Amino acid sequence: MCGIIGYAGHRPAVPVVMEGLRRLEYRGYDSAGAAFARQGALRIVRAKGKLAALEEKLAQEPVATATCAMGHTRWATHGIPAERNAHPHCSNDAAIALVHNGIIENYQEIKKELAEKGHVFHSETDTEALVNLIAERRKSEKDLLRAFAVALREVRGAYAVCLMHCEEPETIYAARLSCPLIFGVGAGEHFVASDIPAFLPYTRQVIFLEDGEIVRATATSYEILRLEDLRPIIHEPQTILWDMQAAQKGGYRHFMLKEIFEQPRVLADGLAGRLTAENALLPELDALPVPGKLHIVACGTSWHSGLWGRHLLEHWARIPAQVEIASEFRYRESLLLNRDDMVLVISQSGETADTLAALRRARKQGAMVLGLCNVVGSSIAREASAALYTQAGPEISVASTKAMCSQMLMLALMALYWSERKPADNIDQTSAAFAPEQRRLLIALLESLPALLDAHLPEMHENARGLSRKYADANNFFYLGRGHCFPLALEGALKLKELSYIHAEGYAAGEMKHGPIALIDTLFPTFALALDDALFPKVKSNIVEVQARQGKVIALTNEGLDLTVDDRWVIPSLPAPLSAFMALPALQLFSYEMADYLGKDVDQPRNLAKSVTVE
Ligand code: M6R
């Protein structure tokens, strides 16, 4: 996730901006840049890599007199990490500099229109299209504010932007739509930033800008306006009482909790520009053949995503898929016999040693390898034949949460995308899932996910907290599920053990009677995934079997299902398998609350590393 800071005040602006960028480093980045005005022109300095590289370059610049500046840390989503893609980007006439967080979905159309008017582009970014669009509109609008607003009204997607113009060297402009942007009100100085820590040493008075708002600020004045009609809006600044660490966590107790609560945004970002009325848009896959068979390879939580995704790839796209743990795949005599076999490696970090080794092995065997990663430019993304990015933003907590949500979303989109490309006779005609009206329904459901999850997360959190108090003395837990809920059961168990160090086993519910049920007694509770799907009656029978052995049961279930258990946790209903997007955060929150209540180190569990780069 990119970080933005803009400053207009009485201090030397570039050091303020650099310090702000340092406080945004936790968001992750691969390049950085800054802009300031000097002698009627804008100076832009950018560097790939860490802030030290940018600082080294700025040390050669006469920055001392600038009292207005802006800076940016870039976490690549489109275009590789490189200096030419780093922000700020400049308009062709060198008058405007812009920093941007988000995705401009229609940037290709904008670029085309501007190219016809003679604009030239030097980067692969959507931001360069936007800054030139503003410059173009400036030619016909009476002032920069109007040009900025007119251009933003033409943009589809999400953005938080900050802008400077060489003719107004003491003024910053900023705006937001679906990306965070906070305005800081100091004494004789003003700030905009992606997050409060960027300017917390200077002011605790903040205004949380809303979608569709523009701000114009100098050292001594500011105005907030509606993008729609440029009418002024009055916001009373709020006082922030958090310390710096709490501010980096957005006020949440832990990064893990923050990341769980980011999932509605992760879903919205993942869907942005990826859907038509009846299909998924994945241009990254356009040049690849439709796989005849998929070998999905991953570790840990990413492996669970793969297990879940298999259901969709097989059911929706009718592509046979097998899912394997990377540390097994890399040493197994795996048979990649057919030219149309494809290996799909899934990894949040893109650096997991076993997954990378599995990828290399598959490539050596001549297989086509598709990488599904979160970190742009990571080893797996670079070494795969093609890469798809999950765009979840940096995940800081060791326990993976939002990454799994984003991987599941991409797997759903891939299944939808390939379902239309399979020859008709390969599609199971008994499945009505892909009649046009079904596709439209599915897409409408996907689009509803961010708002639905957002609305229910606080209540889920409350339920998780209540249950954790009741079950915190358990030493063991079973997690049971069937069908697409079996991978969720595995994930629920993994989260509980890695965070709270409570022994937990994820099982396919039907397997219990083949041995594990012998462990059940009054002290061995079960967390059952009993959602409203075709397998509910079977899961219900398995729950009854557990209860017959005096086992206590928490059931994650939906309204209206006939189930008698110790604790019934109702989550919003969605048709399977999309119901997983509601069940996953509930499982994460339960483990989070258990661990926090037991006083464990939630973000840094013992013995674990975020990225397992050794075998
Ligand atoms: O970066 P990767 O997705 O390749 O990481 C895979 C696993 O190491 C990771 O998911 C791990 O299991 C997490 N700690 C689970 O929360």
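The values are calculated or read from the model by the stated rules, or taken from the named source; none is laboratory data. Predicted, not measured: the structure shown is a model, and the values here were computed from it. Counting neighbours? That spans all protein chains shown, and the Cβs are built from the backbone with ideal geometry, glycine included. These area figures cover heavy atoms from the full protein model, side chains too; ligands, DNA and RNA do not enter into them. Shrake-Rupley method; radii C 1.70, N 1.55, O 1.52, S 1.80 Å.
Working note: Debye formula, equal point scatterers on the alpha-carbon atoms of region 255-597, no solvent; log10 I(q)/I(0) at q = 0.08, 0.11, 0.14 Å⁻¹ is -0.36, -0.70, -1.14.
Between the C-alpha center of region 361-390 and that of region 103-121 there is a gap of 29 Å. Taken along the Cα-to-beta-carbon direction at a fixed 7 Å, the label points for Asp532 and Phe208 span 3.1 nm. For region 221-260, evaluate the Debye formula with one uniform point scatterer on each Cα (no solvent term) and list log10 I(q)/I(0) at q = 0.19, 0.27 Å⁻¹, rounded to two decimals. Here log10 of I(q) over I(0) equals -0.69, -0.83.
Counting other C-beta atoms within 10 Å, and keeping those with at most 16, which DSSP coil chymotrypsin sites (Phe, Trp or Tyr not before Pro) do you find in region 261-313? Each step should come with its number before you reach the end.
On the way: sites: Phe261, Trp303, Trp308; in loops: none.
Counting only loop positions with at most 16 other Cβ atoms within 10 Å, none of the chymotrypsin sites (Phe, Trp or Tyr not before Pro) in region 261-313 qualifies.
Farthest toward the positive end of the dipole of the chain, out of Cys485, Leu335, Ala403, is the Cα of Leu335, where the dipole comes from beta carbon charges about the Cα centre. Between helix 580-597 and the chain there is an angle of about 90 degrees, using the helix long axis and the longest principal axis of the Cα atoms.
Which of rounded, prolate, oblate describes region 72-152, given a ≥ b ≥ c as roots of the alpha-carbon gyration tensor eigenvalues and a/c under 1.5 marking rounded, otherwise prolate only if a/b is larger than b/c? Prolate, because a/c is 1.5 or more and a/b exceeds b/c.
Can you pull the percent of Cα pairs in region 3-245 with separation above 26 Å? The proportion of pairs with Cα distances above 26 Å equals 30 percent. Here's the picture: charge each Lys and Arg Cβ at +1 and each Asp and Glu Cβ at -1 in the chain, and of Ala609, Ile502, Pro537 the one pushed furthest to the positive end of that dipole is Ala609. Hey, with R₀ at 41 Å, roughly what FRET efficiency would Arg153 and Ser541 work out to, going by the Cβ-Cβ distance, to 0.05? Computed FRET efficiency for Arg153 and Ser541 comes out at 0.10. Just flag the GluC sites (Glu not before Pro) in region 294-387 sitting in loop per DSSP whose Cβ has no more than 12 other Cβ atoms within 10 Å. Taking region 294-387 and a limit of 12 other Cβ atoms within 10 Å, the loop GluC sites (Glu not before Pro) found are Glu333. Label positions at Asp601 and Thr239, each projected 7 Å from the Cα along the C-beta direction, are separated by 3.6 nm. Can you compute log10 of I(q)/I(0) for the chain with the Debye formula, treating each Cα as one identical point scatterer, at q = 0.11 Å⁻¹? For the chain, the Cα-only Debye profile gives -1.08. Residue farthest toward the positive end of the dipole of the chain, with Cβ of Lys/Arg at +1 and Asp/Glu at -1: which of Leu294, Val14, Gly377? Selected residue: Gly377. Taking GluC sites (Glu not before Pro) across region 510-567, the ones in a DSSP loop with at most 12 further Cβ atoms lying within 10 angstrom of their Cβ are Glu559.
For region 310-315, putting each phi into the Karplus relation 6.51 cos²θ - 1.76 cosθ + 1.60 with θ = phi - 60° gives couplings of 4, 4, 6, 5, 7, 6 Hz, in residue order, rounded to whole numbers and with x for Gly and Pro. Mean sequence separation of contacting Cα pairs (under 8 Å, at least six apart), scaled by the length of the chain, corresponds to a relative contact order of 10 percent. Scalar couplings 3J(HN,Hα) for region 288-296, obtained by applying the Karplus form with A = 6.51, B = -1.76, C = 1.60 to θ = phi - 60°, are 8, x, 5, x, x, 8, 10, 10, 8 Hz; x denotes Gly and Pro.
A full extension of the chain between Arg363 and Glu124 corresponds to an added length of 83.3 nm, given 0.36 nm per residue minus the alpha carbon distance. Ligands, DNA and RNA excluded, the heavy atoms of Val570 present near 40 Å² of accessible surface to a 1.4 Å solvent probe.
Sort region 253-388 into rounded, prolate or oblate with this rule: let a ≥ b ≥ c be the square roots of the eigenvalues of the Cα gyration tensor; rounded if a/c is under 1.5, and if a/c is not under 1.5, prolate when a/b is larger than b/c, oblate otherwise. Verdict is oblate for region 253-388. Modelled spin-label separation between Arg339 and Ser140, with each label point placed 7 Å from Cα along the Cα-to-Cβ direction: 5.2 nm. Assign one of three labels to region 299-339, namely rounded, prolate or oblate, based on the Cα gyration tensor with a ≥ b ≥ c the square roots of its eigenvalues; rounded applies when a/c is under 1.5, prolate when it is not and a/b is larger than b/c, and oblate otherwise. The shape class here is oblate. In units of the rule-of-thumb radius 2.2 N^0.38 Å, region 5-94 shows an alpha carbon radius of gyration of 1.02.
State to the nearest 20 debye the size of the charge dipole of the chain about its Cα centre, where the only charges are +1 on K and R beta carbons and -1 on D and E beta carbons. In total the dipole reaches around 780 debye. Across all directions, the average flat footprint of the convex hull enclosing the Cα atoms of region 510-615 is 9.1 nm².
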